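Written out below as C-alpha coordinates is the structure these notes cover.
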Amino acid sequence: MKTTQILIAGFGGQGILFAGKFLAYKGLLEEQQVSWLPSYGPEMRGGTANCNVILSDTPVGSPIITAPDVLIAMNLPSLQKYVDTVVPGGQIYVDSALIDEKVARTDVEVFYIPATQMAKDNGIATLANMIIVGHLLQNNPELSFEGTDTVVEKLVPPKKAALVELNKKALTLGKEYK
Amino acid sequence: MAERVLMKGNEAIAEAAIRAGCRHYFGYPITPQTEIAAYMAKKMPKIGGVFLQAESEIASINMVYGAAAAGVRVMTSSSSPGVSLKAEGLSYIAGSDVPALVVNVQRGGPGLGGIQPSQSDYFQATKGGGHGDYRMIVLAPASVQEMASLTIKGFNLADKYLMTSMILADGTIGQMMEPISFEDAEIETYEKPWALTGTNCEREHNVVNSLYLKPDELEVKNFERYERYKIVEENEPMWEEYMMEDAEYCVVAFGIASRVAKNAVAAARAEGIKVGLIRPITLWPFPKKALLAAAEKVKSFICVELSMGQMIEDVKLYTQCKRPVSLCNRCGGMIPSPNEVLEAIRKAQKGEC
(Lines give C-alpha, C1' and ligand atoms only; values in the text may rest on other atoms or scores of the structure.)
Protein backbone atom coordinates (compact mmCIF):
# COMPACT_ATOMS: atom_id res chain seq x y z
CA MET A 1 0.00 0.00 0.00
CA LYS A 2 1.45 3.34 -1.02
CA THR A 3 -0.10 6.72 -0.36
CA THR A 4 1.56 10.06 -1.08
CA GLN A 5 0.13 13.23 0.41
CA ILE A 6 1.28 16.41 -1.32
CA LEU A 7 0.59 19.91 -0.01
CA ILE A 8 1.23 22.79 -2.41
CA ALA A 9 1.07 26.32 -1.04
CA GLY A 10 1.85 29.84 -2.18
CA PHE A 11 0.21 33.04 -3.42
CA GLY A 12 -2.93 33.10 -5.55
CA GLY A 13 -1.77 33.39 -9.16
CA GLN A 14 1.30 31.17 -8.86
CA GLY A 15 -0.49 28.20 -10.37
CA ILE A 16 -0.77 26.35 -7.07
CA LEU A 17 -4.09 24.76 -7.98
CA PHE A 18 -2.92 23.90 -11.50
CA ALA A 19 0.20 22.18 -10.20
CA GLY A 20 -2.04 20.09 -7.94
CA LYS A 21 -4.43 19.37 -10.75
CA PHE A 22 -1.51 18.21 -12.88
CA LEU A 23 -0.38 15.73 -10.23
CA ALA A 24 -3.93 14.51 -9.62
CA TYR A 25 -4.54 14.06 -13.33
CA LYS A 26 -1.30 12.17 -13.71
CA GLY A 27 -2.41 9.83 -10.94
CA LEU A 28 -5.78 9.39 -12.62
CA LEU A 29 -4.19 8.41 -15.93
CA GLU A 30 -2.00 5.93 -14.06
CA GLU A 31 -5.11 4.28 -12.56
CA GLN A 32 -4.35 5.51 -9.05
CA GLN A 33 -6.89 6.69 -6.50
CA VAL A 34 -6.61 10.46 -6.22
CA SER A 35 -8.15 13.45 -4.49
CA TRP A 36 -7.56 17.16 -5.03
CA LEU A 37 -8.81 19.69 -2.51
CA PRO A 38 -8.26 23.44 -2.97
CA SER A 39 -8.51 26.23 -0.48
CA TYR A 40 -11.37 28.45 -1.59
CA GLY A 41 -12.80 31.80 -0.74
CA PRO A 42 -11.40 35.29 -0.27
CA GLU A 43 -7.82 34.13 0.30
CA MET A 44 -7.77 32.98 -3.33
CA ARG A 45 -7.99 36.56 -4.51
CA GLY A 46 -4.36 37.56 -4.12
CA GLY A 47 -3.75 36.04 -0.72
CA THR A 48 -2.45 32.59 0.12
CA ALA A 49 -3.63 29.57 -1.83
CA ASN A 50 -3.05 25.93 -1.15
CA CYS A 51 -4.14 22.60 -2.40
CA ASN A 52 -4.08 19.06 -1.05
CA VAL A 53 -3.34 16.21 -3.46
CA ILE A 54 -3.45 12.58 -2.40
CA LEU A 55 -2.22 9.80 -4.69
CA SER A 56 -2.80 6.26 -3.51
CA ASP A 57 -3.21 2.71 -4.69
CA THR A 58 -6.08 2.25 -2.21
CA PRO A 59 -9.25 4.37 -1.85
CA VAL A 60 -8.54 7.82 -0.39
CA GLY A 61 -10.03 8.39 3.07
CA SER A 62 -9.94 11.98 4.23
CA PRO A 63 -8.96 14.37 1.41
CA ILE A 64 -7.67 16.81 4.01
CA ILE A 65 -3.92 16.63 4.58
CA THR A 66 -2.71 17.29 8.11
CA ALA A 67 0.74 15.67 7.76
CA PRO A 68 2.08 15.90 4.19
CA ASP A 69 4.74 13.60 2.78
CA VAL A 70 5.68 16.36 0.38
CA LEU A 71 5.41 20.13 0.82
CA ILE A 72 5.89 22.55 -2.06
CA ALA A 73 6.29 26.06 -0.61
CA MET A 74 6.20 28.91 -3.09
CA ASN A 75 6.28 31.78 -0.60
CA LEU A 76 7.60 32.44 2.90
CA PRO A 77 4.27 32.48 4.77
CA SER A 78 3.45 29.06 3.33
CA LEU A 79 6.81 27.60 4.33
CA GLN A 80 6.48 28.98 7.85
CA LYS A 81 2.90 27.76 8.18
CA TYR A 82 3.47 24.19 7.02
CA VAL A 83 7.15 23.34 7.62
CA ASP A 84 6.45 21.60 10.93
CA THR A 85 3.55 19.55 9.57
CA VAL A 86 5.69 17.53 7.13
CA VAL A 87 6.20 13.93 8.26
CA PRO A 88 9.74 12.98 9.37
CA GLY A 89 11.52 11.62 6.31
CA GLY A 90 9.30 13.75 4.04
CA GLN A 91 10.36 16.20 1.35
CA ILE A 92 10.13 19.97 1.20
CA TYR A 93 10.49 21.90 -2.05
CA VAL A 94 11.34 25.56 -1.59
CA ASP A 95 11.22 28.21 -4.31
CA SER A 96 14.53 29.76 -3.26
CA ALA A 97 14.10 32.71 -5.62
CA LEU A 98 11.28 33.92 -3.38
CA ILE A 99 12.25 32.44 -0.01
CA ASP A 100 15.55 33.36 1.65
CA GLU A 101 15.02 31.27 4.76
CA LYS A 102 16.54 27.83 5.13
CA VAL A 103 14.62 24.96 6.68
CA ALA A 104 16.00 24.26 10.15
CA ARG A 105 14.61 20.72 10.37
CA THR A 106 17.14 17.93 9.82
CA ASP A 107 14.68 15.04 9.65
CA VAL A 108 13.36 15.96 6.20
CA GLU A 109 14.88 16.24 2.72
CA VAL A 110 14.88 19.83 1.48
CA PHE A 111 15.27 20.89 -2.14
CA TYR A 112 15.97 24.55 -2.89
CA ILE A 113 15.05 25.48 -6.47
CA PRO A 114 15.16 29.10 -7.68
CA ALA A 115 12.11 28.26 -9.78
CA THR A 116 10.68 31.75 -10.21
CA GLN A 117 14.08 33.06 -11.39
CA MET A 118 14.57 30.07 -13.70
CA ALA A 119 11.14 30.63 -15.17
CA LYS A 120 11.88 34.31 -15.83
CA ASP A 121 15.27 33.50 -17.39
CA ASN A 122 13.63 31.05 -19.76
CA GLY A 123 10.74 33.25 -20.84
CA ILE A 124 8.11 31.21 -19.02
CA ALA A 125 7.55 33.56 -16.11
CA THR A 126 4.27 32.01 -14.95
CA LEU A 127 5.49 28.43 -14.86
CA ALA A 128 7.70 28.26 -11.76
CA ASN A 129 5.10 25.88 -10.39
CA MET A 130 5.76 23.33 -13.13
CA ILE A 131 9.53 23.60 -12.73
CA ILE A 132 9.16 22.48 -9.13
CA VAL A 133 6.73 19.73 -10.13
CA GLY A 134 9.26 18.48 -12.70
CA HIS A 135 11.94 18.33 -10.02
CA LEU A 136 9.59 16.55 -7.61
CA LEU A 137 8.73 13.87 -10.16
CA GLN A 138 12.40 13.36 -11.05
CA ASN A 139 13.26 12.85 -7.36
CA ASN A 140 10.50 10.32 -6.77
CA PRO A 141 10.74 7.31 -9.05
CA GLU A 142 7.45 5.89 -7.78
CA LEU A 143 5.65 9.03 -8.98
CA SER A 144 7.82 9.04 -12.15
CA PHE A 145 8.46 11.76 -14.68
CA GLU A 146 7.27 9.50 -17.47
CA GLY A 147 3.91 10.36 -18.96
CA THR A 148 4.05 14.07 -18.15
CA ASP A 149 3.69 15.02 -21.84
CA THR A 150 0.34 13.24 -22.08
CA VAL A 151 -0.92 14.93 -18.92
CA VAL A 152 0.05 18.39 -20.19
CA GLU A 153 -1.66 17.72 -23.51
CA LYS A 154 -4.83 16.55 -21.75
CA LEU A 155 -4.90 19.35 -19.22
CA VAL A 156 -4.12 22.47 -21.24
CA PRO A 157 -7.36 23.63 -22.91
CA PRO A 158 -7.31 23.88 -26.76
CA LYS A 159 -7.70 27.67 -26.56
CA LYS A 160 -4.34 27.87 -24.81
CA ALA A 161 -2.53 25.31 -26.99
CA ALA A 162 0.60 27.49 -27.01
CA LEU A 163 1.06 26.65 -23.33
CA VAL A 164 1.56 22.94 -24.01
CA GLU A 165 5.17 23.30 -25.12
CA LEU A 166 5.91 25.86 -22.42
CA ASN A 167 4.64 23.55 -19.70
CA LYS A 168 6.74 20.71 -21.09
CA LYS A 169 9.75 23.03 -21.12
CA ALA A 170 9.14 23.97 -17.47
CA LEU A 171 8.83 20.35 -16.41
CA THR A 172 12.08 19.50 -18.22
CA LEU A 173 13.90 22.43 -16.61
CA GLY A 174 12.85 21.10 -13.23
CA LYS A 175 13.79 17.56 -14.13
CA GLU A 176 17.29 18.59 -15.18
CA TYR A 177 17.94 21.01 -12.30
CA LYS A 178 20.81 19.89 -10.09
CA MET B 1 -15.15 0.41 -17.75
CA ALA B 2 -16.33 3.90 -18.57
CA GLU B 3 -13.65 6.55 -18.66
CA ARG B 4 -12.81 8.12 -15.33
CA VAL B 5 -12.59 11.89 -15.36
CA LEU B 6 -11.56 14.37 -12.66
CA MET B 7 -14.40 16.60 -11.56
CA LYS B 8 -15.26 18.91 -8.71
CA GLY B 9 -18.10 17.68 -6.54
CA ASN B 10 -20.24 20.66 -7.52
CA GLU B 11 -19.68 20.02 -11.22
CA ALA B 12 -20.50 16.34 -10.74
CA ILE B 13 -23.90 17.32 -9.34
CA ALA B 14 -24.62 19.54 -12.33
CA GLU B 15 -23.50 16.97 -14.92
CA ALA B 16 -25.45 14.20 -13.17
CA ALA B 17 -28.58 16.37 -13.08
CA ILE B 18 -28.35 16.95 -16.82
CA ARG B 19 -27.88 13.22 -17.41
CA ALA B 20 -30.93 12.57 -15.21
CA GLY B 21 -32.99 14.64 -17.61
CA CYS B 22 -33.05 17.91 -15.69
CA ARG B 23 -33.42 20.77 -18.16
CA HIS B 24 -34.52 23.45 -15.71
CA TYR B 25 -32.18 25.08 -13.23
CA PHE B 26 -33.04 28.15 -11.16
CA GLY B 27 -30.55 29.53 -8.69
CA TYR B 28 -28.77 32.39 -7.07
CA PRO B 29 -24.99 32.42 -6.52
CA ILE B 30 -23.43 31.71 -3.14
CA THR B 31 -20.10 30.21 -2.07
CA PRO B 32 -19.26 27.31 -1.90
CA GLN B 33 -21.68 25.94 -4.52
CA THR B 34 -21.40 28.46 -7.34
CA GLU B 35 -19.76 25.94 -9.70
CA ILE B 36 -23.15 24.21 -10.00
CA ALA B 37 -24.75 27.35 -11.41
CA ALA B 38 -21.69 28.08 -13.56
CA TYR B 39 -21.81 24.60 -15.08
CA MET B 40 -25.53 24.90 -15.76
CA ALA B 41 -25.10 28.36 -17.30
CA LYS B 42 -22.58 26.92 -19.72
CA LYS B 43 -24.38 23.69 -20.59
CA MET B 44 -28.13 24.33 -20.47
CA PRO B 45 -28.37 26.72 -23.43
CA LYS B 46 -26.54 24.17 -25.61
CA ILE B 47 -29.00 21.36 -24.89
CA GLY B 48 -32.25 23.27 -25.04
CA GLY B 49 -32.49 23.65 -21.29
CA VAL B 50 -33.22 26.62 -19.06
CA PHE B 51 -30.62 28.23 -16.82
CA LEU B 52 -31.96 31.18 -14.95
CA GLN B 53 -30.24 33.24 -12.31
CA ALA B 54 -33.18 34.54 -10.33
CA GLU B 55 -33.27 37.82 -8.43
CA SER B 56 -33.10 35.95 -5.12
CA GLU B 57 -33.21 32.54 -3.49
CA ILE B 58 -36.89 33.02 -2.74
CA ALA B 59 -37.63 33.67 -6.40
CA SER B 60 -35.60 30.68 -7.51
CA ILE B 61 -37.35 28.18 -5.23
CA ASN B 62 -40.72 29.44 -6.42
CA MET B 63 -39.60 28.98 -10.02
CA VAL B 64 -38.70 25.42 -9.04
CA TYR B 65 -42.20 25.03 -7.57
CA GLY B 66 -43.75 26.21 -10.84
CA ALA B 67 -41.61 24.01 -13.06
CA ALA B 68 -42.19 21.01 -10.79
CA ALA B 69 -45.94 21.58 -11.05
CA ALA B 70 -45.54 21.47 -14.82
CA GLY B 71 -44.04 18.00 -14.42
CA VAL B 72 -40.45 18.62 -15.52
CA ARG B 73 -37.31 17.59 -13.69
CA VAL B 74 -36.12 20.75 -11.98
CA MET B 75 -33.52 21.76 -9.43
CA THR B 76 -31.99 24.58 -7.49
CA SER B 77 -28.84 24.76 -5.44
CA SER B 78 -27.58 26.99 -2.69
CA SER B 79 -25.61 27.04 0.54
CA SER B 80 -26.83 27.36 4.10
CA PRO B 81 -28.07 30.99 4.36
CA GLY B 82 -29.58 30.67 0.89
CA VAL B 83 -31.40 27.48 1.84
CA SER B 84 -32.94 29.27 4.84
CA LEU B 85 -34.40 31.76 2.37
CA LYS B 86 -35.87 28.88 0.37
CA ALA B 87 -37.64 27.39 3.40
CA GLU B 88 -41.06 28.81 2.59
CA GLY B 89 -40.93 27.42 -0.95
CA LEU B 90 -39.82 24.02 0.33
CA SER B 91 -42.91 23.88 2.52
CA TYR B 92 -45.21 24.87 -0.39
CA ILE B 93 -43.61 22.25 -2.63
CA ALA B 94 -44.16 19.61 0.06
CA GLY B 95 -47.74 20.79 0.60
CA SER B 96 -48.40 20.48 -3.13
CA ASP B 97 -46.80 17.02 -3.45
CA VAL B 98 -44.61 17.86 -6.41
CA PRO B 99 -41.08 16.51 -6.99
CA ALA B 100 -37.96 18.67 -6.94
CA LEU B 101 -34.25 18.43 -6.24
CA VAL B 102 -32.59 20.94 -3.93
CA VAL B 103 -28.86 21.00 -3.21
CA ASN B 104 -27.36 22.46 -0.03
CA VAL B 105 -23.56 22.67 -0.09
CA GLN B 106 -23.32 23.60 3.57
CA ARG B 107 -21.14 26.30 5.10
CA GLY B 108 -20.69 27.44 8.69
CA GLY B 109 -23.58 29.18 10.46
CA PRO B 110 -25.77 30.45 11.98
CA GLY B 111 -26.48 33.76 10.27
CA LEU B 112 -24.21 34.72 7.43
CA GLY B 113 -21.63 32.52 9.18
CA GLY B 114 -18.59 31.72 7.07
CA ILE B 115 -17.84 30.00 3.81
CA GLN B 116 -15.92 26.98 5.03
CA PRO B 117 -17.48 23.49 5.20
CA SER B 118 -20.07 22.56 7.80
CA GLN B 119 -22.80 20.04 8.57
CA SER B 120 -24.84 22.25 10.82
CA ASP B 121 -27.95 22.25 8.61
CA TYR B 122 -28.78 18.65 9.60
CA PHE B 123 -31.76 19.75 11.70
CA GLN B 124 -32.97 22.09 8.97
CA ALA B 125 -32.79 19.36 6.34
CA THR B 126 -34.15 16.41 8.31
CA LYS B 127 -36.60 18.04 10.72
CA GLY B 128 -38.31 20.63 8.59
CA GLY B 129 -36.84 24.02 7.85
CA GLY B 130 -40.14 25.25 6.49
CA HIS B 131 -43.45 25.18 8.36
CA GLY B 132 -45.96 22.39 8.62
CA ASP B 133 -45.79 18.61 8.75
CA TYR B 134 -43.52 17.47 5.96
CA ARG B 135 -40.39 15.55 5.13
CA MET B 136 -37.70 15.68 2.51
CA ILE B 137 -35.57 12.80 1.34
CA VAL B 138 -32.09 13.86 2.48
CA LEU B 139 -29.08 12.35 0.74
CA ALA B 140 -25.56 12.86 2.12
CA PRO B 141 -22.76 12.22 -0.39
CA ALA B 142 -19.26 11.45 0.89
CA SER B 143 -17.41 11.48 -2.43
CA VAL B 144 -17.51 13.17 -5.80
CA GLN B 145 -18.83 9.92 -7.29
CA GLU B 146 -21.72 10.02 -4.81
CA MET B 147 -22.40 13.68 -5.60
CA ALA B 148 -23.33 12.35 -9.04
CA SER B 149 -25.00 9.06 -8.16
CA LEU B 150 -27.10 10.54 -5.36
CA THR B 151 -28.20 13.42 -7.57
CA ILE B 152 -29.59 10.90 -10.06
CA LYS B 153 -31.06 8.84 -7.23
CA GLY B 154 -32.55 12.02 -5.78
CA PHE B 155 -34.40 12.84 -9.00
CA ASN B 156 -35.68 9.25 -9.22
CA LEU B 157 -36.92 9.23 -5.62
CA ALA B 158 -38.49 12.68 -5.90
CA ASP B 159 -40.55 11.55 -8.90
CA LYS B 160 -41.41 8.22 -7.30
CA TYR B 161 -42.68 9.66 -4.02
CA LEU B 162 -43.67 13.19 -5.12
CA MET B 163 -41.32 14.83 -2.63
CA THR B 164 -38.30 17.08 -2.53
CA SER B 165 -34.98 15.30 -2.51
CA MET B 166 -32.23 17.31 -0.88
CA ILE B 167 -28.55 16.70 -1.51
CA LEU B 168 -26.94 17.68 1.80
CA ALA B 169 -23.29 18.17 0.92
CA ASP B 170 -20.63 20.47 2.35
CA GLY B 171 -17.97 22.85 1.07
CA THR B 172 -15.24 20.21 1.02
CA ILE B 173 -17.07 17.65 -1.08
CA GLY B 174 -18.34 20.48 -3.30
CA GLN B 175 -14.88 21.89 -3.96
CA MET B 176 -12.74 18.77 -4.12
CA MET B 177 -11.93 16.83 -7.29
CA GLU B 178 -11.92 13.06 -7.52
CA PRO B 179 -12.16 10.60 -10.39
CA ILE B 180 -15.71 9.87 -11.42
CA SER B 181 -17.50 7.83 -14.05
CA PHE B 182 -21.14 7.98 -15.06
CA GLU B 183 -21.51 4.44 -16.36
CA ASP B 184 -23.91 3.10 -13.74
CA ALA B 185 -26.47 5.88 -13.83
CA GLU B 186 -29.96 4.41 -13.86
CA ILE B 187 -32.45 7.00 -14.96
CA GLU B 188 -36.04 6.15 -14.02
CA THR B 189 -38.98 7.90 -15.59
CA TYR B 190 -42.42 8.28 -14.06
CA GLU B 191 -45.79 9.21 -15.53
CA LYS B 192 -47.05 12.51 -14.15
CA PRO B 193 -50.80 12.59 -14.83
CA TRP B 194 -51.20 15.33 -12.22
CA ALA B 195 -48.88 17.78 -14.01
CA LEU B 196 -50.05 21.12 -15.37
CA THR B 197 -49.37 20.53 -19.03
CA GLY B 198 -52.46 22.09 -20.62
CA THR B 199 -55.73 20.15 -20.97
CA ASN B 200 -55.88 20.39 -24.76
CA CYS B 201 -59.62 20.39 -24.02
CA GLU B 202 -59.32 16.65 -23.56
CA ARG B 203 -59.27 16.23 -19.79
CA GLU B 204 -60.31 17.89 -16.56
CA HIS B 205 -58.10 20.67 -15.24
CA ASN B 206 -55.29 19.63 -12.97
CA VAL B 207 -54.75 21.78 -9.90
CA VAL B 208 -51.50 22.02 -7.94
CA ASN B 209 -52.05 23.83 -4.67
CA SER B 210 -51.21 23.69 -0.98
CA LEU B 211 -54.25 25.64 0.30
CA TYR B 212 -56.97 23.63 2.08
CA LEU B 213 -59.23 25.85 4.12
CA LYS B 214 -61.40 23.00 5.38
CA PRO B 215 -59.50 21.46 8.29
CA ASP B 216 -60.89 17.97 7.72
CA GLU B 217 -59.62 18.02 4.13
CA LEU B 218 -56.21 19.33 5.19
CA GLU B 219 -56.00 16.64 7.83
CA VAL B 220 -56.73 13.92 5.27
CA LYS B 221 -54.05 15.37 2.96
CA ASN B 222 -51.52 15.19 5.78
CA PHE B 223 -52.56 11.66 6.71
CA GLU B 224 -52.18 10.57 3.08
CA ARG B 225 -48.78 12.23 2.78
CA TYR B 226 -47.52 10.49 5.90
CA GLU B 227 -48.71 7.12 4.57
CA ARG B 228 -46.40 7.77 1.64
CA TYR B 229 -43.57 8.83 3.96
CA LYS B 230 -44.00 5.51 5.80
CA ILE B 231 -43.27 3.65 2.58
CA VAL B 232 -40.16 5.77 2.05
CA GLU B 233 -39.00 4.99 5.59
CA GLU B 234 -39.53 1.30 4.96
CA ASN B 235 -37.93 1.06 1.52
CA GLU B 236 -35.34 3.74 1.06
CA PRO B 237 -32.84 4.00 3.95
CA MET B 238 -29.27 3.74 2.67
CA TRP B 239 -26.10 3.36 4.68
CA GLU B 240 -22.58 1.99 4.52
CA GLU B 241 -20.98 -0.22 7.16
CA TYR B 242 -17.20 -0.27 7.47
CA MET B 243 -15.39 -2.81 9.66
CA MET B 244 -18.57 -3.42 11.67
CA GLU B 245 -18.46 -7.26 11.63
CA ASP B 246 -16.61 -7.62 14.95
CA ALA B 247 -16.87 -4.01 16.14
CA GLU B 248 -17.12 -3.23 19.83
CA TYR B 249 -17.34 0.51 19.22
CA CYS B 250 -19.21 2.25 16.45
CA VAL B 251 -18.44 5.61 14.88
CA VAL B 252 -21.42 7.26 13.19
CA ALA B 253 -20.64 9.96 10.64
CA PHE B 254 -21.86 11.17 7.26
CA GLY B 255 -20.38 13.16 4.37
CA ILE B 256 -16.89 14.59 4.81
CA ALA B 257 -16.87 13.66 8.52
CA SER B 258 -17.15 10.00 7.54
CA ARG B 259 -14.06 10.31 5.35
CA VAL B 260 -12.04 11.64 8.27
CA ALA B 261 -13.59 9.02 10.55
CA LYS B 262 -12.55 6.20 8.20
CA ASN B 263 -8.90 7.21 8.57
CA ALA B 264 -9.35 7.25 12.34
CA VAL B 265 -11.06 3.83 12.36
CA ALA B 266 -8.17 2.36 10.34
CA ALA B 267 -5.66 3.90 12.76
CA ALA B 268 -7.57 2.60 15.80
CA ARG B 269 -7.74 -0.88 14.27
CA ALA B 270 -3.95 -0.73 13.89
CA GLU B 271 -3.83 -0.15 17.68
CA GLY B 272 -6.03 -3.19 18.21
CA ILE B 273 -9.24 -1.32 19.03
CA LYS B 274 -12.22 -3.10 17.48
CA VAL B 275 -14.08 -0.15 16.02
CA GLY B 276 -16.28 0.21 12.96
CA LEU B 277 -18.20 2.92 11.16
CA ILE B 278 -21.81 3.31 10.14
CA ARG B 279 -22.24 6.02 7.54
CA PRO B 280 -25.83 7.09 6.94
CA ILE B 281 -26.25 7.90 3.24
CA THR B 282 -29.90 8.86 3.64
CA LEU B 283 -30.27 11.18 6.64
CA TRP B 284 -34.01 10.99 6.15
CA PRO B 285 -35.12 8.28 6.12
CA PHE B 286 -32.52 7.62 8.82
CA PRO B 287 -31.06 4.09 8.79
CA LYS B 288 -32.79 3.21 12.05
CA LYS B 289 -32.51 -0.56 11.71
CA ALA B 290 -28.74 -0.47 11.16
CA LEU B 291 -28.24 1.67 14.26
CA LEU B 292 -30.53 -0.43 16.43
CA ALA B 293 -28.81 -3.62 15.28
CA ALA B 294 -25.42 -2.08 16.11
CA ALA B 295 -26.69 -1.09 19.56
CA GLU B 296 -27.27 -4.78 20.30
CA LYS B 297 -23.60 -5.59 19.84
CA VAL B 298 -21.33 -2.57 20.43
CA LYS B 299 -20.38 -1.04 23.77
CA SER B 300 -20.74 2.59 22.75
CA PHE B 301 -21.16 5.00 19.85
CA ILE B 302 -19.05 7.97 18.78
CA CYS B 303 -20.88 10.52 16.65
CA VAL B 304 -18.56 12.65 14.48
CA GLU B 305 -20.11 15.81 13.11
CA LEU B 306 -19.24 19.25 11.79
CA SER B 307 -21.81 20.87 14.06
CA MET B 308 -22.54 21.29 17.76
CA GLY B 309 -24.15 17.85 17.67
CA GLN B 310 -27.30 17.45 15.58
CA MET B 311 -27.31 13.92 14.14
CA ILE B 312 -26.35 12.68 17.61
CA GLU B 313 -29.97 13.23 18.67
CA ASP B 314 -31.14 10.76 16.02
CA VAL B 315 -28.38 8.31 16.95
CA LYS B 316 -29.59 8.37 20.56
CA LEU B 317 -33.23 8.14 19.48
CA TYR B 318 -32.83 5.20 17.13
CA THR B 319 -30.45 3.24 19.34
CA GLN B 320 -33.13 3.79 21.99
CA CYS B 321 -30.38 5.03 24.33
CA LYS B 322 -29.26 1.41 24.79
CA ARG B 323 -25.60 2.47 24.71
CA PRO B 324 -23.70 5.66 25.56
CA VAL B 325 -23.16 8.04 22.63
CA SER B 326 -20.28 10.52 22.70
CA LEU B 327 -19.77 13.49 20.41
CA CYS B 328 -16.58 14.34 18.52
CA ASN B 329 -17.18 17.59 16.73
CA ARG B 330 -15.80 20.77 15.22
CA CYS B 331 -17.88 23.56 13.77
CA GLY B 332 -17.83 26.98 12.17
CA GLY B 333 -15.92 25.68 9.15
CA MET B 334 -13.36 23.64 11.08
CA ILE B 335 -12.92 19.92 10.42
CA PRO B 336 -11.68 17.44 13.01
CA SER B 337 -8.37 15.74 12.18
CA PRO B 338 -8.23 11.95 12.06
CA ASN B 339 -6.18 12.20 15.28
CA GLU B 340 -8.97 14.03 17.09
CA VAL B 341 -11.40 11.28 16.07
CA LEU B 342 -8.86 8.61 17.05
CA GLU B 343 -8.57 10.23 20.48
CA ALA B 344 -12.38 10.11 20.84
CA ILE B 345 -12.31 6.39 19.92
CA ARG B 346 -9.57 5.75 22.52
CA LYS B 347 -11.67 7.55 25.14
CA ALA B 348 -14.69 5.44 24.23
CA GLN B 349 -12.59 2.31 24.67
CA LYS B 350 -11.55 3.49 28.14
CA GLY B 351 -15.21 4.09 28.92
CA GLU B 352 -14.64 7.81 29.32
CA CYS B 353 -17.53 8.95 27.17
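Reported count of residues in region B:8-53, each being farther than 19 Å from B:Val105 by Cα and either among the small types (Gly, Ala, Ser) or within 14 Å of chain A (Cβ to nearest Cβ) (or both), is 5.
Just so you know, in region B:105-120 the residues that are closer than 17 Å to B:Tyr28 by Cβ and surrounded by 24 or more Cβ atoms within 10 Å (Cβ to Cβ) include one that is nearest to the other protein chains (Cβ to nearest Cβ), and it is B:Arg107. Of all the criteria given as (1) surrounded by 16 or more Cβ atoms within 10 Å (Cβ to Cβ); (2) over 17 Å from B:Glu248 (Cβ atoms), the one not satisfied by B:Leu317 is (1). Of all residues in region B:312-352, those being outside any helix (DSSP H, G or I), on the phi < 0 side of the Ramachandran plot and not small (Gly, Ala, Ser) number 15. Between B:Ser165, B:Ser149, the distinction of being assigned to a strand (DSSP E or B), at pLDDT 95 or above, more than 14 Å from B:Arg259 (Cα to Cα) and of a type in the set (Gly, Ala, Ser) belongs to B:Ser165 only.
Screening region B:53-79 for residues that are in contact with a helix residue (DSSP H, G or I) (Cβ under 8 Å, 6 or more places away or on another chain) and in a helix (DSSP H, G or I) and picking the one that is nearest to B:Pro117 (Cα to Cα) gives B:Glu57. Just checking, which of B:Val265, B:Val304 is in a strand (DSSP E or B), out of contact with any Ser or Thr (no Cβ under 7 Å at 6 or more places or on another chain) and within 14 Å of another protein chain (Cβ to nearest Cβ)? That would be B:Val304, the only listed residue that is in a strand (DSSP E or B), out of contact with any Ser or Thr (no Cβ under 7 Å at 6 or more places or on another chain) and within 14 Å of another protein chain (Cβ to nearest Cβ). Note on region B:231-256: residues that are within 13 Å of B:Ser143 (Cβ to Cβ) and either assigned to a strand (DSSP E or B) or among the small types (Gly, Ala, Ser) (or both) total 2. When the strands (runs of 3 or more DSSP E) confined to region A:1-104 are screened for residues that are of a type in the set (Gly, Ala, Ser) and free of Cβ contacts under 8 Å to residues at least 60 places away in the same chain, those reaching at least 1 such residues are found at A:33-38, A:48-56. Does B:Val98 satisfy being of a type in the set (A, V, I, L, M), part of a loop (DSSP other than H, G, I, E, B), under 30 Å from B:Glu227 (Cα atoms) and touching a helix residue (DSSP H, G or I) at 6+ places or on another chain (Cβ under 6 Å)? Considered against the rule, which asks whether it is of a type in the set (A, V, I, L, M), part of a loop (DSSP other than H, G, I, E, B), under 30 Å from B:Glu227 (Cα atoms) and touching a helix residue (DSSP H, G or I) at 6+ places or on another chain (Cβ under 6 Å), B:Val98 comes out as yes.
Within region A:61-106, being under 20 Å from B:Met176 (Cβ atoms), of a type in the set (A, V, I, L, M, F, W, C) and surrounded by fewer than 21 Cβ atoms within 10 Å (Cβ to Cβ) holds for one residue alone: A:Ala67. Scanning region B:190-232 for residues that are in contact with a His (Cβ under 9 Å, 6 or more places away or on another chain) and free of Cβ contacts under 8 Å to residues at least 24 places away in the same chain returns a single hit, B:Thr199. Please count how many residues of region B:86-104 are among the hydrophobic types (A, V, I, L, M, F, W, C) and either under 15 Å from B:Thr31 (Cα atoms) or not assigned by TED's automatic domain parsing to the domain that holds B:Gly21 (or both). So the count comes out to 1.
The values are calculated or read from the model by the stated rules, or taken from the named source; none is laboratory data. Fair warning: this is a prediction, and the values are worked out from it, not measured in the lab. No Cβ is skipped: glycine too gets one built from the backbone with ideal geometry, and neighbour counts run over all protein chains shown.
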